[in-house]
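The values are calculated or read from the model by the stated rules, or taken from the named source; none is laboratory data. As the structure is a prediction and not an experimental result, all values here were calculated from the model. Cβ atoms come from the backbone with ideal geometry, glycine included; neighbour counts cover every protein chain shown.
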């Protein structure tokens, strides 16, 4: 199998772990490829730049949920399934632990592939896609943000607080849940709209609706899957994307 590896390489420990994981997978007969910069960092040559993500059979993220979310745009563009291997503290979206890689082939046989719907945000003419969530947040620690949220033609919510989370079912178990938002089943066609320390209740919205968030004064920061993309002083529109990601996960046994 042709595997394209996206690893956390922030520390020496993570780099050594990535090299060891690639060695294990290659010993099992898999062909592993990484980006040019990663190959130079891990192997000091380009011998592991064998093929692109789009030419692979499967994209592997190595790290935690953060690593998987960083690999998600690549998986979307390459139209390849994404499997998370957890070597971090959190790994709710990951299919296996790094300590299980010796059983990679057997575990993969017991996995399932599910299409996950993405959120789409257009900001300054560019499209941004979120597997987990889009967050509109205050940009000053000592202040709150004043927002108006248009959920339907006549349904407007006004809130003050630290910010707002618009989460997919996939992302409902992440920051959304920590902020008191609802857990959503992956096959439901809805979004969660959850305040962060705000004065409105969480709500669930059909994902065929556009959500307009307007900043009523000052500015707010915008995060897409945890990455800051910019700030606004007017309004943004968030909606369902036609793009999806095929996420590999462990089959859940019936109890």
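The table below gives the values:
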{"quantity": "Selection from the range 1-29 of residues that are part of a loop (DSSP other than H, G, I, E, B) and in contact with a helix residue (DSSP H, G or I) (Cβ under 8 Å, 6 or more places away or on another chain)", "calculated": "8, 9, 28"}
{"quantity": "Residue 31, sole failed condition from (1) modelled with pLDDT under 95; (2) farther than 25 Å from residue 90 by Cβ", "calculated": "(1)"}
{"quantity": "Yes/no for residue 136 being touching a strand residue (DSSP E or B) at 6+ places or on another chain (Cβ under 6 Å) and modelled with pLDDT under 95", "calculated": "no"}
{"quantity": "Among the candidates 144, 168, residue that is out of contact with any helix residue (DSSP H, G or I) (no Cβ under 7 Å at 6 or more places or on another chain), surrounded by fewer than 24 Cβ atoms within 10 Å (Cβ to Cβ), more than 30 Å from residue 25 (Cα to Cα) and not assigned by TED's automatic domain parsing to the domain that holds residue 68", "calculated": "144"}
{"quantity": "Qualifying residue in the range 118-132 (condition: modelled with pLDDT under 95, assigned by TED's automatic domain parsing to the domain that holds residue 173, farther than 23 Å from residue 190 by Cβ and part of a loop (DSSP other than H, G, I, E, B))", "calculated": "yes"}
{"quantity": "Residue check, residue 105 over 17 Å from the mean Cα position of the chain (by Cα) and not assigned by TED's automatic domain parsing to the domain that holds residue 187", "calculated": "yes"}
{"quantity": "Residue ID - farthest from the chain's Cα centre (by Cα), chosen from residues in the range 124-141 that are under 18 Å from residue 77 (Cβ atoms) and surrounded by 16 or more Cβ atoms within 10 Å (Cβ to Cβ)", "calculated": "128"}
{"quantity": "Lone unmet requirement of (1) in contact (Cβ under 8 Å) with a residue 24 or more places away in the chain; (2) surrounded by 17 or more Cβ atoms within 10 Å (Cβ to Cβ) for residue 177", "calculated": "(1)"}
{"quantity": "In the range 45-61, residue nearest to residue 224 (Cα to Cα) [restricted to those that are in contact (Cβ under 8 Å) with a residue 24 or more places away in the chain and in contact with a helix residue (DSSP H, G or I) (Cβ under 6 Å, 6 or more places away or on another chain)]", "calculated": "61"}
{"quantity": "Within the range 183-210, tally of residues that are at pLDDT below 95, assigned to a strand (DSSP E or B) and either under 14 Å from residue 134 (Cβ atoms) or under 18 Å from the mean Cα position of the chain (by Cα) (or both)", "calculated": "1"}
